[in-house]
Structure formats: C-alpha cells, structure tokens
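Report on the structure given below.
The values are calculated or read from the model by the stated rules, or taken from the named source; none is laboratory data. Keep in mind that this is a model prediction, so the values were computed, not measured. Cβ coordinates were reconstructed from backbone atoms using ideal geometry, including for glycine residues, and neighbour counts include every protein chain displayed.
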Amino acid sequence: MSPELGRFALSLACVFALAQAILPLIGAQRRDRRLMAIAPGLAVGQLVALAASFLCLVNAAITNDFSVSNILENSAVAKPLLYKITGVWGNHEGSILLWAMILGICGAAVAAFGRNLPSALRARVLAVLGGVAAGFELFCLTTSDPFDRVWPAPLDGQGMNPLLQDPGLAFHPPILYTGYVGFAVPFAFAIAALIEGRVDAAWGRWVRPWAVAAWAFLTCGIALGSWWSYYVLGWGGYWFWDPVENASLIPWLSGTALMHSAIVVEKREALKIWTVLLAIGTFSFSLSGTFLVRSGILNSVHAFAQDPARGIFILGLLGLVIGGSLVLFAWRAPSLTAGGLFAPVSREGALVLNNILLCSLCAVVLTGTMYPPFMSLLFGKTISVGKPFFDAATIPLAIPLFAVMGFGPMLPWKRAQLWPVMRRLWVVALVTLAAFAVSLWGLSGVLPVLCATFAVWVIATSATDVANRIALFREPFSRSLQRARSLPRSAFGAALAHAGVGVTVLGLAAMSQAQHRVVEVHIGQTERLAGYDWTLTNVQTEPGPNYVAMVATIEIRHNGHIVTVMHPSKRSFNSQNQTTTEVSIHTNGLSDLYGVIGDRHGTDADPTYVLRLHYNPLAPWMWFGALIMAIGGALSLSDRRMRIGAPRRAPLADVVAAE
Amino acid sequence: MKTALRLRRFAAPFLVVALTGAPLVALAVDDPAEMLPDPKQEARAEAIGSQLRCLVCQNESIEDSSASLAKDLRKVVREHVAAGESNKQVVDWMVARYGNFIRLSPPVTVATLLLWGMPVLALVTGLLAAFLVFRRRPQVAPLSDAERARLDELTRGR
Amino acid sequence: MSNDISPSDKISPSGRSGGVTRRRVMMGLPLVGAGVCGVAFWKMLAGMQTGSFNPHDINAPVTGRPVPSFTLADQPPGAGFTAADLKALSKPVLINFFASWCIPCIAEMQALLTVQKRLPVWGVAYKDKPDNAAGLLKHAGNPYARIGSDREGRVAIDWGVSGVPESFLIAPGGTIIWHSAAGLDNDEVMAGLDATLKRIGG
C-alpha cells in the first residue's frame, strides 16, 4: 500500500462525497427514488475509500517510509510500534484525515441505522454529511496532504515529541474528534429539516440519539484530555482554561443544551426552532474551535503548526458550512411553526431554564476565549483572559444549573406545581443540609462549599428520582424490582448522567483544597504533607529505549505505616534534546498522592533533589464522574425507544414511560 | 523572515513542539530556594503570582511556568512581598511594565465591560426572551374560525 | 409560508405581520453574528500574513515614557551605560536587547548593521555570558556603539522586555518614542521605525 494509493483513495473518497452531496439532494427535491437510494451506497463507499487511505498512512508509519514527509517529521525508527500508529493522528495532516474518516463513519452509520427514516429525510441528511466531508477531503488534498513525498528519503525520521508518547494521549484525539464530528449528524438533520420546512416529534426522536452519542464521546474526550494533562504534565492541575480546552468545552455546553432541548421537541413539539439553531450552533462551534486554534489566531499552549494560508482555506470552509446553514436558517426558520404550549413551571420550563443557563455558560466561555484577539483587532490593546476570570465568571452560573438539575426531572410535563415535588424531597433536603455542614467544616471558600453542597443535592435527587419511579420502599420490593425492569433505560441513563455531574463537581470542589509542597531533599530525608510522611530513599539512573531516566524512590507513610512506594522519574530524550517528567500517582479512590522529581542540585558527593509533592483530595472523582456521565449516555442509547426509526412501543409501555 | 515575527524569540526550543500538537508546557518544578521563608508571605506571593501571566508562555501563570522570565518575575514578586508591599502594589508594578497583558484576569474597564458583563447579560437575555415568549403565548390559544369549523366537522362526523 | 393551521401562529391577529417581521429579524441575528465574526477572523488572518496583526504581541506600554533608571556593566567589546547617558544625548538612539542564544537575534544582526549607518545603536546583552555575547559580535559583526550586560535580566524587566530581540527608539532627552518586540529584519517593523524617525526629523 503505497502513499500514492492512499492519496488516490482519498481523492476517490472526495469524489464519492461530492456525489453524495449533490445527487441525493436533487433526488429528494424531485422525489426521484433512484437518486435518493444511492446515498447510503455512496456513504459506505466513501468510508471504505477513507479507511483505505488511512490504512495507507498507518502502513507508511509502521514500515518507516520516511519518503513521506509527514512520517519523516513525526516518526523515527526507534519509536515504539504503538506510537508509530497513534502518531499518525498526532500531527496536523494526519488528524485532518482522521477527522474526515470519522465523518465518513458517521455517514455510514446514518446509512446503516437510518433504514426506517423517511427516504427524503435520509437522502438530505446524507447529502449534508457528504458536503461537509467533501470540504474536509478537499482541504486534506490541497493544503494538508498527508502523503507528500520528499526525495531523497532520509534514513531516519525526526522523531515525535516525547510528551505525545503516552497511551492517554494516543486515544484522546480519536475519542474527542468522534465527539466533535458526531455533532455533524444532528447538524445534518437540522439542515434537512430546514430544507423540508418541517420539524416534528419524530425529528426530535431521530436527532436525540445522535446528539447523546456525540455528547458521550465528547465528554470522554474532554475528560481524557484533562486526565492526560494531570498525569503527564506533572503540574498538579487538570484544566488550564486554555483556548484549546475551551474549544472543546463550548460545543460540550451547547451540545448538552441540544440533547435536552431535543427531548422537548420529541415529547412536546416545542422549542423546535431553538433546537435547530442549537444543532447548527454546536457543530459550528466544534468546527470553528478546533480550526481557529490551528490558524494561530488563538494563543494556546497546544500549538499546532500555525499557517495563516491554511487558515484562509479553513475560514472559507467554515464560511461555507456555517454561513450557508445560517442563511438557510434565517430564510426557512421563520416558516417553521411554533409548537406545544406549556406553563413556566413544568418539565419543559425546567429544560428551558437548563438551556438558558447552559447557553449563558457557553456564551461566557466563548466571550472569554475570543476577547483577546478581538480587543487586539478592534482597539489594538492586548489583554489576557485566564483562569481567574473563568473561575469567577462560570461557577456562579453553574451553581443554579446544579440546583435546577435536581428537581427538573421530577416535574411533570406541561404544568406542574413545585410544592408537591418539594415535599417528596425531604430526605434529599436532609442529606443536602448534612452535606452543607460537612463542606462548611471541611472546605474553605464560599464557592467550593456551595459547589460541594449542590453536587450532593444533584446526586441525591437523581437517586430519589429513580427510587420514586420504581416506588422503592412504598411498595413491596419485588414490585419495585418489576417496575425497575419496565422503567425505560433512558430514565436510568438520565439519572446516572446527572449523578455523574454531581460526582465530577464534588471532585472539582475538593480539588480546590489540594495541597502541595516543593522541597529540596537529600537521600533519606523525610518531608510532611497532608499528614503523610514522604521519604526519598533512592535515586538511580535507568536507560530506556530512546531516553535515559532518573528514577526516584519515595516511600510514603501515614502514622508510621507504609502507604505506598512511588517512582517518579525524569526522562532525557536523545533525539529532541528534551526532558519529560513522569509523575507517580498513588490513589485510593478518595485522594491522590502525586509525586514529581525535578532537578538535581548539590555536589556529586552530596546531591540534593527537588521534589514536588501534591495531595489531591477526590481528584479521581473528576474523571470518574465524566465516565459515569458517558455511561449514562450509553445506557440511554441502549433504550429501544431511542433507536432511530424503532417503531413506537405498545400503548401500555408508553403509559409507564410517560413519567 | 516573516515567520521570525510570529514565532519570534525563544522560538528555537519551542519550534520543535510547535510542529506537533503538544502543549507547550514547561514545568515548574522549581528551586525551593526561591521561596520565601515566611509561609504566610509565600502563600501571598503564590496568590499574586497565579494572577500574573507568564509572558512568553501561553496562558500559564508565572507560578506554573519554568520559563526563565517567569522565574525572574517570581523572584521580583517575592522581593516586593518581602518588602511589605500590598498585592495591588505588586500587580501595579507589573502592569506598569508589561501592561494589562500580564493580568490573567483583566481589569474592569469600558473595553472589558462586555467580557465581565457577559454572565449577567447572557442570563438576562435568556430569561427575558423566555419571559416574552411565555407572555406572548397564552396558555390556551383561542381557536380560529377555520379551526372551529374543522372541529365542528369532526364532532359532527362522529 | 406554509398554509398549515397551527394554534400558536395566530396569537395576536392584529400584530401578526409585525410579529412575522420581528421573527424574521430574530432568525437573521445568528447569521449577522457569524458574519461579523467571519469578517473579523478574515482581517486577523490577513493581518497575520502581512505582520500588521500579531495575536502573540504583548504591547508593553512603554512608548511615550522616559527611560527607566538603570546601570549596565560593560559588555566587551563595548562600554556599559546608564539612564543618565541616554538622557544626556542630543540625537536619537536605538536600544537593542539581544543574546547569543537567541536565533532571531542572530538573524537580525545584518539589519542592525545597516541601521547603525544612520542611527547609533546601543546594545544590551540579555541573560548572556559575556564571552558568548562577545563571540557572537566578533562572528556576525558589531552594530553597537555601546554595549551593556544585563546578566540577571532585571534591567530588561524595567524596560518591559519579554524576550529578545526587542528594540526601543529613544528621543533626545531620554523618552522612548517607539518600540518593537520583533526583529528589525521585518519590513513592517523597519517601516515603523523609519516613520517615527521622520516624524521627529531625525
């Protein structure tokens, strides 16, 4: 499989994508069944071609084909096999190809799972996906060709940044991209609906699973990225409020709003125009965020090769996709009919409040991220917007969101009264009060206390919600079990995802109380942090495959009993004249002990070592909570009502499901 | 030499990283010798430092960075704190030299009003829009003549 | 517009046409917002290509200020200088912070050698070993009339220097009237310096 074959496959995919963009659209307009019916075939063909192209690049990486400039710049003979493969998407060109392939997978998935969709809708959705894919494949072929050759081919590559040689980072991009790209499907549904001029409950039902799936991937992707920065970068923190991180948080926030407003469309046929706008907005944020970072406009710690010429192409593509869809929205949305009515206090009302708060958060993060370049452009002034701003501006908006999350799912649809719902929550109120007392005692600062309290509130209400639905303790246990079995999985999924948010927020609140010390010690010296005694017992040099490591041995004792022995190390890489620190983390689920070794000082006879020791309470909960959220999403997806085009259940089941 | 303008200064060590997608994070495992002996003063210095941006890094505070300028600025902060200056005095000293760019949390001015006002603005806009929609839309819309006719037709059909 | 009858479409029969127009305007707002952002991004990218817009610039607020007080030790082959020396001058002078370990500085040397033919250039070796700095000047040519050594980098902080190379134009009397955080080997930077010199009649 030569690189030329890869480029040919990519061109072929592009041709398929263009055909997929044009033919089914014409078919749907003319009601031509044959033209509409070729869309799924083209989508699958496009995926096969893209996969072949991708495999060619992977093959070039595995076989050390340094005549391919992309491999030359990012790989080396000495690189372990796993990272040769994952390194394919660790650079600009490869990551665009991966992006295109995931878009291809989305198209093929719609083709495969969308058999029960109305044929015109399916044709239009696939056409939109094809159009977006064609844009990326053209971008890949013209300005970011991963198969570019160099001649003569050097004997060895330039190697990869050692920071990237990590399993966490290897799988972070594919998962994150699946999240970003996954929102292309709701986007395509929104565009198709605008073309058709119809949004109804069925549309909401079809869109929701795709939004949930993309959201679950994005959640995992963000959590994985944050976890990676926690355990690889060794600075003890987990979130920079860096533009690249914000670029993933913005679509996550609007995507979360979309997932919830789609429920209102499905159940009540309300918020239709708003949901369409959210679907367009979420994908637009996914696109523009990732690509603005690559253009170099945003000041980021994650610097991709920054090339303004490439930026112009990207901007044109963004203009076409986002501008085009918003023109369509401005033209067609006014003719969409408004839908079901509901009182402000109702399930719909709570979901509207959820949307307002999530979108406000989204607006704050977006404004904070984009303010510096705009200030610089408009007023010639340079400012920085960093962690202190984001912490101060987002947490006060997040707390009311947690409050609404608690009782929102318990309100009935259409019209509700708060009091009867509140009355059922007396146990939760007691638990929350207890949590408030504990946080007052254990945490310092107003915001951490409030966050922790509301996190417990969210977890407790989610549990109560499920308990109420299955009438736990109100009816015999066997009867409750029976109810639990017939309760739709999406209800469990939602409760689980909400509880996951609570777990994450508890972790965040506790992490505000993290302690750390930087000490310079001799071998055998003991330092105390957070009630633990940390003793540096040994430091030795160990050779690695393409680096030399200085490995420390630190014994940690608590009240004289040994808790763990950790081996943080510092690696000096031969190829790129770079060093990385390998953090050592000991976790017991409730807290992390986190050790980093730094420079060596002193004389050869009596060396001293700089150690950075962290005590991070509830740190694992931040990512564990994200995992619970994603599992909640997956559980919802497994609900047969969520499956696209699945026939409605028998009326009886619907009554049970009708909350 | 236009790239030199953009990737100017300290560019050489970063260039390698800039070609990949990796964060340009320099780690601050620092010299404990630079910390102040008084833990209260040290804590205050850390609090000030975490509000100041490492100028040559991206979005990192000088406390988090091990870039050499960040190290120097950390030292300056500690000298000023040890001399008994207030937090505001130290930050002002930095802003006088490097402008507001050095503050990770920009001051509230006319130009940053939109930034700082965004949380309230977004929330109020959202709530107002929802309020207007609820007010404009009566709980039960009266039937139009056409609908009434259709309803009659349906009931008669039964 | 569809002819479908829907209850919510006719809430206010009197204001219906006004409602629809307002609705149209509202639905157009996202497009307007995205359009404005798109134009802004295009301007940024275009500016980045010509060098007129640099999102990474710090823009330290130094122009229009008197030079900070400082004393710099000698850096061979030149003699060090102080703030008083700059204030005593009757002609403009260019102050250039450089270091032998900085690649853009080495790239800039040729441009400085041209500049020094019409404008005195004084150098400051930033966080550099005196031997290394002297070695660079021996190798690449010495554009500096006087050279001070800022080993600790503390004088640079008072000047608002965030990295090297960085240049300041000092008017007679010791006021900073122009500043660039980029190398002088850039046409845009050079044009800015020329314009400032012309303005003060230098």
Answer yes if at least one residue in segment A:43-59 is in contact (Cβ under 8 Å) with a residue 24 or more places away in the chain and outside any helix (DSSP H, G or I), and no otherwise.
-> no
Those residues of segment A:159-207 which are more than 22 Å from the chain's Cα centre (by Cα), among the hydrophobic types (A, V, I, L, M, F, W, C) and part of a helix (DSSP H, G or I), in sequence order | A:I191, A:A192, A:A193, A:L194, A:I195, A:A201, A:A202, A:W203
Determine whether segment A:532-550 contains at least one residue that is touching a Pro at 6+ places or on another chain (Cβ under 9 Å), polar (S, T, N, Q) and more than 14 Å from chain B (Cβ to nearest Cβ).
-> yes
Pick out the one residue from C:G148, C:G160 that is at pLDDT 90 or above, small (G, A, S) and within 16 Å of C:V62 (Cβ to Cβ).
-> C:G160
Selection over segment B:87-118 where residues are of a type outside the set (S, T, N, Q) and outside any helix (DSSP H, G or I) yields a count of 7
Positions within segment A:526-566 being in a loop (DSSP other than H, G, I, E, B) and crowded, with 17+ Cβ neighbours inside 10 Å, in sequence order = A:A530, A:N546
State whether one or more residues within segment A:337-356 are facing chain B (nearest Cβ under 9 Å), small (G, A, S), in a loop (DSSP other than H, G, I, E, B) and out of contact with any Ser or Thr (no Cβ under 6 Å at 6 or more places or on another chain).
-> yes
From the set of residues in segment B:62-91 that are hydroxyl-bearing (S, T, Y) and surrounded by fewer than 23 Cβ atoms within 10 Å (Cβ to Cβ), which is farthest from A:S229 (Cα to Cα)?
-> B:S86
Out of C:G123, C:G135, which single residue is more than 14 Å from chain B (Cβ to nearest Cβ) and in a strand (DSSP E or B)?
-> C:G123
Determine whether A:F147 is touching a strand residue (DSSP E or B) at 6+ places or on another chain (Cβ under 7 Å) and either part of a helix (DSSP H, G or I) or modelled with pLDDT under 95 (or both).
-> yes
Of (1) within 14 Å of another protein chain (Cβ to nearest Cβ); (2) surrounded by fewer than 24 Cβ atoms within 10 Å (Cβ to Cβ); (3) in contact with a Lys or Arg (Cβ under 9 Å, 6 or more places away or on another chain), A:G87 satisfies every one except (2)
Can you tell me how many residues in segment C:70-95 are of a type in the set (G, A, S) and either surrounded by 15 or more Cβ atoms within 10 Å (Cβ to Cβ) or touching a strand residue (DSSP E or B) at 6+ places or on another chain (Cβ under 8 Å) (or both)?
-> 5
How many residues of segment A:378-397 are under 16 Å from A:Y238 (Cβ atoms) and facing chain B (nearest Cβ under 7 Å)? The answer is 2
By residue number, the members of segment C:138-194 that are within 24 Å of C:K91 (Cβ to Cβ), at the interface with chain B (Cβ under 8 Å from one of its Cβ atoms) and part of a helix (DSSP H, G or I) are C:D158, C:W159, C:V189
Give A:A491, A:A484 a once-over and let me know the one that is modelled with pLDDT under 95 and in contact with a Pro (Cβ under 9 Å, 6 or more places away or on another chain).
-> A:A491
Within the group A:A9, A:A49, which residue is among the small types (G, A, S), under 18 Å from A:L138 (Cα atoms), at pLDDT 90 or above and under 29 Å from the mean Cα position of the chain (by Cα)?
-> A:A49
Residue within segment B:115-136 that is out of contact with any Pro (no Cβ under 7 Å at 6 or more places or on another chain), modelled with pLDDT under 90 and of a type in the set (V, I, T) present | yes
Residues of segment A:572-586 being away from every other protein chain (no Cβ under 13 Å) and at pLDDT below 80, in sequence order, are A:N574
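Looking for whichever is more than 14 Å from A:L50 (Cβ to Cβ) and not in a loop (DSSP other than H, G, I, E, B) here; the options are A:A120, A:A153. Which one fits? First the steps, then the outcome.
Working: A:A153 fails: not in a loop (DSSP other than H, G, I, E, B).
Residue meeting the stated conditions: A:A120.
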Search segment A:328-379 for residues being surrounded by fewer than 20 Cβ atoms within 10 Å (Cβ to Cβ) and among the aromatic types (F, W, Y), and hand back the single one that is farthest from A:L278 (Cα to Cα).
-> A:F379
